[in-house]
Amino acid sequence: MAQVSTLQSLDLILEDVSAEINLSINALEQYSRSFKNTKALKKSLGHLQKLKGVFTLLEMSGAQRLVVDTSALLKKLPKRKPETRTRLLEVASVAHARLMRYVEHINQKPYDLPQLLLPSINDLRTSINAPLLEESAFFHDDGNKTRGGKKLVLVTSEESATKSRHFRQMYQVGLIEVLRQTNLNGGLRMMQKALRKLDLECPRPNSPNLWWIAEVMLDGYIEEKLALTRSRLKLFSRLDRQIRKVENKAENLLDDNKAEMAALTREMLYLTSISGATSKRAERLFDHFQFKFDDTITDELLRKESEELRGPSDQDYKSIAQSLHEEILRIEKTLTHSQENDHDIDDLKHVRKQMSNLNNLLQILQVDDQSVRLTVAIDLINKAVENNQILNDKDTNILFIVLDSIRKAVNQSELAKYSGRTSPRRQRLSKTEKDIWKKTSADVNQLIKTLTQFVDKNRKVLLLKDCPELIKQISVGFSKLKVKQAEPILSGCSLFLEHYLVKNPHTTSDDALNLFADIIGSLEFYLETLNFTAKPSSRILTFAENSLLHLNRLNKNS
């Protein structure tokens with residue numbers, strides 16, 4: 001599970017830690033008043049070095065990492081241009097404030113939660129062009145523990161390569177619906193199905209548990225235990241690239257791809273460990289990696305703790321938003337006064353100070369997109385003040401636009417905080433279409449049930465007697481729903497059923513049956529998605545068409 005540390009010692013030295021942070025902040029303030037005062041900068045670095053030692057002894061890896069990265073930033077300051085130096089000093093000040101808040105927050109907890117500092121650490125690393133840390137930065141299991149009886153396979157044959165391409169197409173069909181946020185759970189289940197097949201037939205030599213871990217991770221999203229963030233969506237795309245590499249032995253052996261596979265495996269195993277998923281396969285994975293199957297550290301807990309750490313409570317949020325509005329209004333008044341006085345330089349300096357204060361508050365509240373805009377505005381004023389130039393009307397209008405944007409964003413943030421979940425997606429089908437959809441979906445489900453029974457009961461052909469009529473009714477349903485692309489697919493299914501499966505139930509290959517099941521499963525997925533949006537991705541049925549082509553090719557060669 002996620003790293004947990006006892007913190008009894010922190011309480012004993014909390015005052016000393018807080019004092020060191022404050023001394024470092026005071027030294028930075030002295031340095032900001034005069035960049036020639038390098039002694040003050042060295043003092044700040046000295047205090048940070050002491051803090052690093054303390055956090056190392058307490059095994060507080062997140063706080064230690066933040067201190068190390070803050071020190072790296074400060075060491076670069078003397079070589080920077082004045083305007084860049086000012087901006088980086090603000091970043092360092094915010095990091096100190098967040099570190100102070102984190103230490104006070106975590107002192108009330110029975111365990112360390114280094115993940116809470118990742119946003120602050122990555123803000124710092126962005127400012128010094130260092131690589132960003134992933135969510136698993138403080139997680140130490142590599143996910144390569146061998147599963148008993150699992151053989152490693154290098155995919156080299158054309159038959160195996162064809163299978164891997166088929167599985168990838170299945171994965172992408174599901175991924176599209178996840179990215180579109182239309183049929184989210186259906187898309188996740190389709191991706192999961194593809195990963196299960198990959199784990200059975202195409203394990204990776206360098207990361208044999210990759211597909212299995214990914215399959216279990218998806219349970220966390222399906223059970224709504226993991227939040228689906230933008231960075232986590234990118235993991236799905238990285239996983240897709242690994243599926244593409246399955247068929248290419250040469251790429252599989254490249255060192256850079258080994259590193260990517262290792263990083264991807266660890267990241268997904270970490271997410272699985274905090275998912276709180278309760279499926280049987282999750283239990284098996286937890287047991288295999290000897291994780292405690294409990295919910296001590298979960299994604300839900302981390303989100304809650306992160307909200308508490310970020311700043312004001314829900315009760316205080318409205319008053320803070322009001323304070324921000326008042327600060328913006330004061331800046332606008334100063335700007336207006338400057339315009340009326342031919343852009344007086346003293347007014348501009350006052351605006352710069354007001355904007356810097358506002359920017360610090362936005363950064364502490366992590367309203368980062370607006371902070372970036374305000375930083376650009378401050379740079380405009382810096383340039384004018386340093387060159388002793390007036391601010392032209394174009395630049396002044398930019399400042400007013402930025403301030404108005406911040407005002408609106410604060411309102412939107414407040415609304416989002418109290419509005420809860422977004423409203424349910426509007427029903428896209430008319431009442432008549434809904435009735436057709438229900439009937440067609442029931443027929444597809446019955447067909448799947450019948451085929452499952454056929455396989456489970458030693459392929460008794462009598463069980464298939466109703467299938468031709470079911471396929472006919474399903475085709476009629478798709479036609480009424482105006483899904484013309486499905487009609488030739490169902491026609492092909494009917495031909496396979498009558499000319500191959502019914503006539504030769506025991507000699508039809510497992511591969512042919514699996515392809516037939518994939519086609520019917522795609523039709524089911526399309527109907528499920530149609531209930532959420534009027535235009536499901538056309539790639540769902542394209543996947544069914546390609547599966548039918550593979551099936552026909554397989555039958556001709558048999």
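The values are calculated or read from the model by the stated rules, or taken from the named source; none is laboratory data. No experiment lies behind these values; they were computed from the predicted model shown. So basically every Cβ, Gly included, is an ideal-geometry build from the backbone, and we count neighbours across all protein chains shown.
Just one of Arg244, Arg180, Arg230, Arg204 is over 18 Å from Ala161 (Cα atoms) and either in contact (Cβ under 8 Å) with a residue 12 or more places away in the chain or more than 19 Å from the chain's Cα centre (by Cα) (or both); which is it?
Just one listed residue meets the conditions, Arg180.
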Residues in the stretch 24-39 that are more than 18 Å from Ala72 (Cβ to Cβ) and not basic (Lys, Arg) total 7
Restricted to the stretch 176-206 and to residues being surrounded by 23 or more Cβ atoms within 10 Å (Cβ to Cβ) and outside any helix (DSSP H, G or I), the residue modelled with the highest pLDDT is Asn183
In the set Ser371, Ser319, the lone residue that is under 30 Å from Leu118 (Cβ atoms), exposed (fewer than 13 other Cβ atoms within 10 Å of the Cβ) and at pLDDT below 85 is Ser319
In the stretch 466-490, residues that are in contact with a helix residue (DSSP H, G or I) (Cβ under 7 Å, 6 or more places away or on another chain) and part of a helix (DSSP H, G or I) total 15
Looking across the stretch 43-90 at residues that are acidic (Asp, Glu) and modelled with pLDDT under 90, the single one that is surrounded by the fewest Cβ atoms within 10 Å (Cβ to Cβ) is Glu83
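What residue, among those in the stretch 71-110 that are polar (S, T, N, Q) and touching a residue at least 12 places away in the same chain (Cβ under 8 Å), is farthest from Phe55 (Cα to Cα)?
As a first pass, look at the stretch 71-110 and keep what is polar (S, T, N, Q): 71, 84, 86, 93, 107-108.
Those still in the list that are touching a residue at least 12 places away in the same chain (Cβ under 8 Å) too: 71, 86, 93, 107.
Working: Ser71: 14, Thr86: 28, Ser93: 19, Asn107: 13 Å.
My answer is Thr86.
Being of a type in the set (S, T, N, Q), modelled with pLDDT under 95 and in a helix (DSSP H, G or I), is that true of even one residue in the stretch 148-156?
Within the stretch 148-156, not a single residue is of a type in the set (S, T, N, Q), modelled with pLDDT under 95 and in a helix (DSSP H, G or I).
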Within the stretch 428-448, restricting to residues that are within 35 Å of the chain's Cα centre (by Cα) and basic (Lys, Arg), the one that is nearest to Ser522 (Cα to Cα) is Lys438
